[in-house]
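Let me begin by presenting the structure, written as structure tokens, before commenting on it.
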Amino acid sequence: MGAQTRRGGRRDQILEIAVRLFAERGYHGVSMDDIGSAAGVTGPALYHHFAGKESMLVAALTPVSEGLLTGARERAAAHPGDPDRALESLIDFHVEFALANPAVIALHLHELDRLPEEPRRQIRKLQRLYVEEWVIVLDAVRPELSAAEARVLAHAAFGLMNSTPFLGGEVNRARRAALLRQAALSALLRPAQAGADAQDEPAARDDSDVRHDSEGAA
């Protein structure tokens, strides 16, 4: 078990480095040698964990889509009969994901089409199911919307929350989370609803924390 854990840990480290390099340089701008050099791993050892760059991309993107879908279902199920709270929980969940995984989001945005057809189709299916979890909750919060309209708003909110690869560290992480959360609420709710929810957001800013915070941008 210990050896398996160590192997799994090393594989995860290599994958994390590969994801970062892909996000920084683009898929075609990174070679297996680049990844091995950054990870301190020789060629044969690297291929022991991954067959190639393509398998790394699949390993990086598929579990993320699975995890998002599972998390969304859990969040929605945790608030039966309270769609407003379920929506807030979904937003909190996605904001935390986006702040913790900007490199993975960049890969999804720019490199998904590099995948072979089957894993790409599977990821697209998982993404559609994830969107539908939001549509179900939005339908309960805003019954005046059609499913197609709710889908438009969900994608708009994802665009806001998935902006983390493009955010610098001028604003501390907690404040970034609050701003993204309120932006998503404003996109999804009626103006009066979003304004009421904004009153619950902490307005104070701790400028002592406003450093070039890199924890949410790497």
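Fully extending the segment from ASP33 to HIS155 would add 40.2 nm, taking 0.36 nm per residue of separation and subtracting the current Cα-Cα distance. Per residue, the accessible area of the range 1-104 comes to 49 Å² when a 1.4 Å probe rolls over the protein heavy atoms. Under the simplified labelling scheme, the ASP113-HIS48 pair shows an inter-label distance of 3.8 nm, with each label point 7 Å from Cα along Cα→Cβ. Given a 1.4 angstrom probe, I'd like the percentage of the accessible area of the range 129-195 that is carbon and sulfur, rounded to a whole number. Reported share for carbon and sulfur atoms: 66 percent.
The values are calculated or read from the model by the stated rules, or taken from the named source; none is laboratory data. Small disclaimer: the values here were computed from a predicted structure and weren't measured. Using ideal geometry, Cβ is built from the backbone for each residue, glycine included, and neighbour counts are taken over all protein chains shown. Just the protein is used for accessible areas: all its heavy atoms, side chains included, with ligands, DNA and RNA removed. Shrake-Rupley method; radii C 1.70, N 1.55, O 1.52, S 1.80 Å.
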